[in-house]
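Accompanying notes for the structure given below.
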Amino acid sequence: MSYLSIKHVDKVYPNGFCAVKDFNLEVDQHDFVVIVGPSGCGKSTMLRMISGLESITEGEMILEDKKINQFSPKDRDIAMVFQNYALYPHMSVYDNIGFSLLVRKKNRRTVHEKVMNASKIVEISDDQLKRKPTQLSGGQRQRVALGRTIARDAKLFLMDEPLSNLDAKLRGDMRVEIIELWRKYNQTIIYVSHDQVEAMTMATKIVLMNNGVIEQVGAPNHVYNHPETLFAATFLGTPQINLIPGKIENGCFENEFFSISLPEYKNVTNPNVLLGIRSENVSIVKEKEDFKVEVDYVEYLGAKSIVHGMLGETTVAINTKEDVFDSKECKVKLNTSKIILFDVETSKAIRGDSNE
């Protein structure tokens, strides 16, 4: 039995707009689930429905064998970290961390013990406990918001883009700290983000959303390597997956520039496809190439470079350690075992015979 079970949940607003449609998800205890997707896809709405801040139009949610649809937020025993931290500016950091415990009528000794324990975990000093949130930096305020959540000792922790207001370096540091806290204290976390790096590095399970529906659910490496739709393939990965148009007939992919044998796709009925392959699976070679690309520009990233080139009117990105700065043309070979074909009409990945 899943720790949290979400079944056929819809959210329709009075004006008829459907923000979330037929959302189904099973969350196991100690999971770190990241709901990821572009702005407006419904991920934050889904999180607010789990917390009880938004009502559910249809469906049900079951947490630890209890249906929580009609429970108020305070009765769900769920803690939430908001994007804007949601700290009380007139209260000290100490009181901000302990406030939800006082609301739940915990005695002062218990509140003090939990506040001090939480502040130690997130490295808030005694001096900072006495300050007001406005006297802290963005990173320190984020620690306070996390400390308040940890002090709750709730059944489920929700985080709504908690790092989006931080600079790049601090965001990376806080990401590591959140992962360490999750590993050490075994919480169950559902985390919303539009940042694919956060999703790939933090999650045990990714829920990829688009236009209010789930595109794919799975472990980060599985969703990355085995996308089920064009959206899943293009949303995850930097640079974006290479997509080369062509036709597949009798197990042979071809277009005007090259042909390549893909016997596992010999039974494909719709010939019009896109050949998908990620930049790290495209190699620059000296001979026996599959095709040549005209070099457009090169991104130097230290230990590696990203070569951006053109195959006719199609852009191709190549992740390489080769020195190609003075090259106008590159010979390229594809790792055929990493190729994914997508049906042009349905935008869905085509399952080859070897994958069935």
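Any read-out appearing in this document is the output of simple, stated calculations on the displayed coordinates, not a laboratory observation. Just so it is clear, the model here is predicted, and its values are computed rather than measured. Quick reminder, even Gly has a Cβ in these numbers, built from the backbone with ideal geometry, and neighbours come from all protein chains shown.
How many times 2.2 N^0.38 Å is the alpha carbon radius of gyration of the chain? Could you put the intermediate results ahead of the total?
Details: Rg = 24.4 Å, N = 356, 2.2 N^0.38 = 20.5 Å.
Rounded to two decimals, the normalised Rg is 1.19.
Which GluC sites (Glu not before Pro) in the range 83-182 sit in a loop by DSSP (not H, G, I, E or B) and have at most 12 other Cβ atoms within 10 Å of their own Cβ?
Details: sites: Glu113, Glu123, Glu177, Glu180; in loops: Glu123.
Qualifying residues, ordered by number: Glu123.
I want to verify a result. In a Gaussian network model of the chain, Cα cutoff 10 Å, which of these has the top mean-square fluctuation: Gly16, Gly218, Gly246?
So, out of Gly16, Gly218, Gly246, the one fluctuating most is Gly16.
In the Gaussian network model of the chain, springs joining C-alpha atoms below 10 Å, which of His90, His30, His222 carries the largest mean-square fluctuation?
His90
For Cα pairs less than 8 Å apart in space and 6+ apart in sequence, what is the mean separation divided by the residue count of the range 238-355, i.e. the relative contact order in percent? The partial results should precede the final answer.
On the way: 252 pairs, mean separation 32.8, N = 118.
For the range 238-355, the relative contact order is 28 percent.
Defining a contact as two alpha carbons under 8 Å apart and six or more residues distant in sequence, what relative contact order in percent does the range 4-231 show? Display every interim value, and only then the final one.
Values: 407 pairs, mean separation 66.2, N = 228.
Once normalised by length, the contact order is 29 percent.
Order these by the 10 Å Cβ neighbour count, fewest first: Val207, Val12, Val27.
Fewest-to-most ranking of Val207, Val12, Val27: Val12, Val27, Val207.
Looking only at Thr204, Thr188, Thr110, which one moves most when the chain is put into a Gaussian network model with springs between Cα atoms under 10 Å?
Result for the chain, Cα springs under 10 Å: Thr110 fluctuates most.
Using alpha carbon coordinates only, what is the Rg to Rh ratio of the range 238-355, with Rh defined as the Kirkwood radius? Let's see the in-between values first.
Details: Rg = 14.4 Å, Rh = 14.7 Å.
Value, to two decimals: 0.98.
On alpha-carbon atoms, Rg over Rh for the range 148-195 using Kirkwood Rh? Present the calculation step by step, with values, prior to reporting the outcome.
Details: Rg = 11.1 Å, Rh = 11.5 Å.
In the range 148-195, Rg relative to Rh is 0.96.
For a quick check of your reading of the filter: which chymotrypsin sites (Phe, Trp or Tyr not before Pro) in the range 274-356 sit in a DSSP loop and have no more than 13 other Cβ atoms within 10 Å? Spell out each step's value before the answer.
On the way: sites: Phe291, Tyr297, Tyr300, Phe325, Phe342; in loops: Phe325.
Passing both the DSSP loop test and the Cβ count: Phe325.
Charges on Cβ only, +1 for Lys and Arg, -1 for Asp and Glu, centred on the Cα centroid of the chain; of Met49, Phe258, His222, which one is farthest towards the dipole's positive end?
Met49
Counting only trypsin sites (Lys or Arg not before Pro) that sit in a DSSP loop (anything but H, G, I, E, B) with at most 16 other Cβ atoms within 10 Å, what is the longest stretch of the chain containing none of them? Let's see the in-between values first.
Details: sites that count: Arg104, Lys105, Lys106, Lys130, Arg131, Lys266, Lys286, Lys288, Lys304, Lys321, Lys328, Arg351.
Counting only loop sites that pass the neighbour cut-off, the longest clear stretch is 132-265.
Among the GluC sites (Glu not before Pro) in the range 250-332, which ones are in a DSSP loop with at most 12 other Cβ atoms within 10 Å of the Cβ? Mind listing them?
On the way: sites: Glu254, Glu256, Glu264, Glu280, Glu287, Glu289, Glu294, Glu299, Glu313, Glu322, Glu329; in loops: Glu256, Glu287, Glu289, Glu313, Glu322.
Sparse-neighbourhood loop GluC sites (Glu not before Pro): Glu256, Glu287, Glu313.
For n ≥ 4 DSSP H runs only, could you compute -39500 (n - 2.57) per run for the chain, divide by its residues and tell me the 222 nm figure to the nearest 500? Spell out each step's value before the answer.
Numbers: 9 runs with 90 residues, N = 356.
Calculated mean residue ellipticity at 222 nm is -7500 deg cm²/dmol.
Translational diffusion coefficient of the range 115-159 at 4 °C, 1.567 mPa s, Stokes-Einstein with Kirkwood Rh over Cα pairs, in µm²/s as a whole number.
Working: Rh = 10.8 Å.
Translational diffusion coefficient: 120 µm²/s.
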